[in-house]
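Quick notes on the structure that follows.
The values are calculated or read from the model by the stated rules, or taken from the named source; none is laboratory data. Values in this document were obtained by computation on a predicted structure and should not be read as measured data. In this analysis, Cβ positions are derived from the backbone assuming ideal geometry, glycine residues included, and neighbour counts consider all displayed protein chains. Accessible surface is based on the protein model in full, side chains and every heavy atom, while ligands, DNA and RNA are left aside. Shrake-Rupley method; radii C 1.70, N 1.55, O 1.52, S 1.80 Å.
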Amino acid sequence: MFKKINQTLITKYPLIWNLKLIWILFAAISLNLIAFINGFLYFNQKSQLQESQLFRGFLDQGIIIYYVLVAIIILIIWLYFYIKNNRFKSFFPTSRNYLFKEFLAVFLIFFLFSYLPNSFKSGVKLRVANYISNDQFEKDIDIINRAQPFTLQYNFGYSNYSRNLPVPVFDSLVSEKETKTLYFQNKKEYEKMNKRSYNPFLTPYFRNDEFEQLLKNHFDDRKSYQLISFSTSYVPLNRVKKTDGYLPDIQEAMLAEQSATDNVTMAAESIVSSNNNDEPEVYYNLSSLYNYSDLAFQNVKDSTLNHKYYDEQLIALLQKNDRKAIESLLNNYTDLLNNNEIGYQFKHKKWIDYLPHYPYYFIDTNLNYLEDKQAPNNKLKDYINQSSLNQVYTNIYEAKYESSWLEGIQYCLMLALSFTMLIITFRFSSFKVWLIALVGAGILMILGSALGMGIGSIFYEQSNFISYSILFLFYIAFIVLMSYGLRTKKYKVLTGVCLNWFVATNIFIGIVLISFYTEIRNEMLYNGQDGDLYDFRNTNAELQMLQKMAEIFFYVNPFLYIISFYFIINLYKKWQAMPEE
């Protein structure tokens with residue numbers, strides 16, 4: 001049977017026979033199927049859902065090594081039979097269409113082998129996605145969104161700066177007019193003493209430092225020498241969905257950061273006095289449950305269950321002062337912890353006893369997120385592992401709603417294209433030319449790096465542009481030398497080397513051009529601006545647009561290259577016709 005198939009392929013489909021296409025595709029598809037099944041079986045314990053890198057097990061656990069070894073063995077055997085016959089080098093009449101089909105077939109082969117990590121990940125995600133039903137998932141994330149404010153974690157914001165909605169119990173004490181009046185007073189005094197401009201006035205008005213400065217006058221009893229650590233954070237109601245979760249809209253986040261203190265600070269604890277007598281600084285602790293504003297998980301099916309909805313539900317629940325309803329919610333949350341085998345402990349006090357009371361719900365303690373094994377007399381502090389529960393449902397959310405066979409495909413395409421060029425340039429040129437081009441490319445990279453560092457040490461401020469410029473000079477040199485050789489039909493070896501370099505550089509030259517232009521525009525737009533360069537890149541509309549264009553081009557680039565290679569084939573045909581040296 002195999003002889004008959006081979007005979008048919010030789011006579012009717014010589015390209016398929018020469019490429020051993022049926023057998024190599026069968027091997028590649030089979031290996032992808034094995035990787036998919038392996039990924040499906042990889043997730044077999046509940047505890048794995050707590051891992052932030054669950055879907056990276058193929059790389060992180062070293063599983064990739066076994067697949068790479070098997071793929072290399074298969075490809076070496078395939079290359080041995082493929083390279084034996086080369087009608088192009090043997091001057092057998094070969095059309096451009098034939099050579100282009102050969103290029104596409106080789107590209108497909110390497111793409112399938114490059115896709116192995118995605119096949120493994122797809123298997124993992126399929127099993128995780130079916131861990132619980134969609135209805136149960138929505139019920140569970142509803143519990144998490146409602147109960148999370150009561151976990152009192154140090155990395156949550158509980159200051160007036162953190163909230164988004166009005167809270168009558170506080171806002172009735174300090175008006176917007178009072179806040180603005182004090183703001184302009186502080187701004188005037190600050191700008192007299194400092195060269196930098198004062199922070200802009202934030203909306204809603206209760207997010208400004210002046211609001212809390214006025215509010216503390218109503219709560220003299222909240223003076224405290226004990227700092228309670230909560231993060232100064234602000235999460236706007238309207239957020240942009242990112243691949244790694246739901247993050248604040250970048251414009252609002254940057255505006256918020258202008259008013260925030262460095263990194264993690266003590267939210268709701270304003271310094272009111274400090275003296276030079278080595279006495280401790282006095283803080284006002286105004287942290288309140290009312291001020292929590294965040295959304296752990298978005299409900300994909302019901303857009304009304306959004307950030308604002310859960311903020312309103314929290315405020316309404318606190319205003320009702322229904323401790324039994326809160327305790328019932330906490331019990332539902334601990335049921336989720338138990339179901340997912342996540343640790344927590346409330347031996348010293350009940351969870352409800354850690355929560356503050358009506359009417360202001362001022363917080364006087366936070367909860368550990370892990371058991372404290374260093375506690376005196378081995379009496380572990382009460383804790384609740386909120387972050388692990390969130391990670392469980394983050395993984396499930398990603399598996400259910402953010403899974404696609406196209407995920408990361410741009411990297412598979414670029415990797416496959418790179419290996420294809422390595423093989424095709426060998427097929428279309430001589431071994432001598434291919435080897436010189438390969439070794440020479442390494443030498444050029446070393447020389448280019450040394451030249452770039454040398455010039456960059458002199459023109460330090462332009463070091464980024466120098467690297468791009470050197471690459472472009474090399475690229476233009478390849479084109480000039482290749483064109484001259486093909487036109488004059490001289491220096492066949494040098495022409496072939498430059499042709500191979502030109503073909504290889506074409507893979508990424510478009511990406512480099514976009515990056516170069518982005519750097520130029522970044523330099524022009526940032527010139528004379530205040531603030532951090534990184535922040536400026538993330539807030540400027542034009543630079544954001546260029547970044548988006550670069551991401552899109554990264555997907556499109558392999559297909560543009562494939563189209564361009566159809567015309568490049570004629571250059572190899574012309575080079576092949578040149579007289580030998």
Kindly establish whether Leu560 is assigned to a helix (DSSP H, G or I), under 21 Å from Phe431 (Cβ atoms) and open to solvent by 30 Å² or more (accessible area, probe 1.4 Å).
-> no
Can you find even one residue in region 8-26 that is surrounded by 12 or more Cβ atoms within 10 Å (Cβ to Cβ) and within 30 Å of Asn130 (Cβ to Cβ)?
-> yes
Filtering region 479-498 down to residues that are assigned to a helix (DSSP H, G or I) and open to solvent by 20 Å² or more (accessible area, probe 1.4 Å) yields Ile479, Val480, Leu481, Ser483, Tyr484, Leu486, Arg487, Thr488, Val493, Leu494
Quick one: which residue in Leu318, Leu336, Leu305, Leu370 is open to solvent by less than 40 Å² (accessible area, probe 1.4 Å), assigned by the TED database to the domain that holds Phe156, of a type outside the set (Phe, Trp, Tyr) and part of a loop (DSSP other than H, G, I, E, B)?
-> Leu305
How many residues does region 149-171 hold that are part of a loop (DSSP other than H, G, I, E, B) and either open to solvent by less than 10 Å² (accessible area, probe 1.4 Å) or not assigned by the TED database to the domain that holds Phe230 (or both)?
-> 9
Any hit, region 225-232, residues being crowded, with 21+ Cβ neighbours inside 10 Å, closer than 24 Å to Leu295 by Cα and either touching a residue at least 40 places away in the same chain (Cβ under 8 Å) or outside the structural domain of Leu286 (by the TED database) (or both) | yes
Selection within region 133-147 - under 26 Å from the mean Cα position of the chain (by Cα) and not acidic (Asp, Glu) = Asn134, Phe137, Ile141, Ile144, Asn145
Residue match in region 511-524 (condition: at pLDDT 90 or above, open to solvent by less than 30 Å² (accessible area, probe 1.4 Å), closer than 30 Å to Leu406 by Cβ and not polar (S, T, N, Q)) = no
Would you check if Asn538 is touching a residue at least 24 places away in the same chain (Cβ under 8 Å) and closer than 30 Å to Trp434 by Cα?
-> no
From Ala296, Ala256, residue being assigned by the TED database to the domain that holds Leu367, at pLDDT below 90 and under 30 Å from Thr365 (Cβ atoms) | Ala256
Taking region 194-207 and the residues there that are in contact (Cβ under 8 Å) with a residue 12 or more places away in the chain and either hydroxyl-bearing (Ser, Thr, Tyr) or within 12 Å of Ser175 (Cα to Cα) (or both), the one that is surrounded by the most Cβ atoms within 10 Å (Cβ to Cβ) would be Phe206
Within region 34-74, the count of residues that are among the aromatic types (Phe, Trp, Tyr), under 16 Å from Thr394 (Cα atoms) and open to solvent by 40 Å² or more (accessible area, probe 1.4 Å) comes to 0
Only one of (1) aromatic (Phe, Trp, Tyr); (2) modelled with pLDDT of 95 or more; (3) part of a loop (DSSP other than H, G, I, E, B) fails for Tyr67. Which number is that?
-> (3)
Give the number of residues within region 423-444 that are in a helix (DSSP H, G or I) and surrounded by 14 or more Cβ atoms within 10 Å (Cβ to Cβ).
-> 14
Have a look at Trp501, Trp575 and point out the one that is surrounded by 12 or more Cβ atoms within 10 Å (Cβ to Cβ), under 24 Å from Leu417 (Cβ atoms), touching a Gly at 6+ places or on another chain (Cβ under 6 Å) and assigned by the TED database to the domain that holds Leu471.
-> Trp575
Tell me, yes or no, whether region 59-66 has at least one residue that is touching a residue at least 60 places away in the same chain (Cβ under 8 Å) and either of a type in the set (Phe, Trp, Tyr) or not assigned by the TED database to the domain that holds Leu21 (or both).
-> no
Exactly one of (1) within 24 Å of Tyr360 (Cβ to Cβ); (2) in contact with a Lys or Arg (Cβ under 9 Å, 6 or more places away or on another chain); (3) modelled with pLDDT under 90 is unmet by Lys216. Its number?
-> (3)
Is there a residue in region 452-462 that is open to solvent by 50 Å² or more (accessible area, probe 1.4 Å), at pLDDT 90 or above, β-branched (Val, Ile, Thr) and part of a helix (DSSP H, G or I)?
-> no
Looking only at region 284-302, and only at residues there that are part of a loop (DSSP other than H, G, I, E, B) and polar (S, T, N, Q), the one that is farthest from Lys139 (Cα to Cα) = Ser287
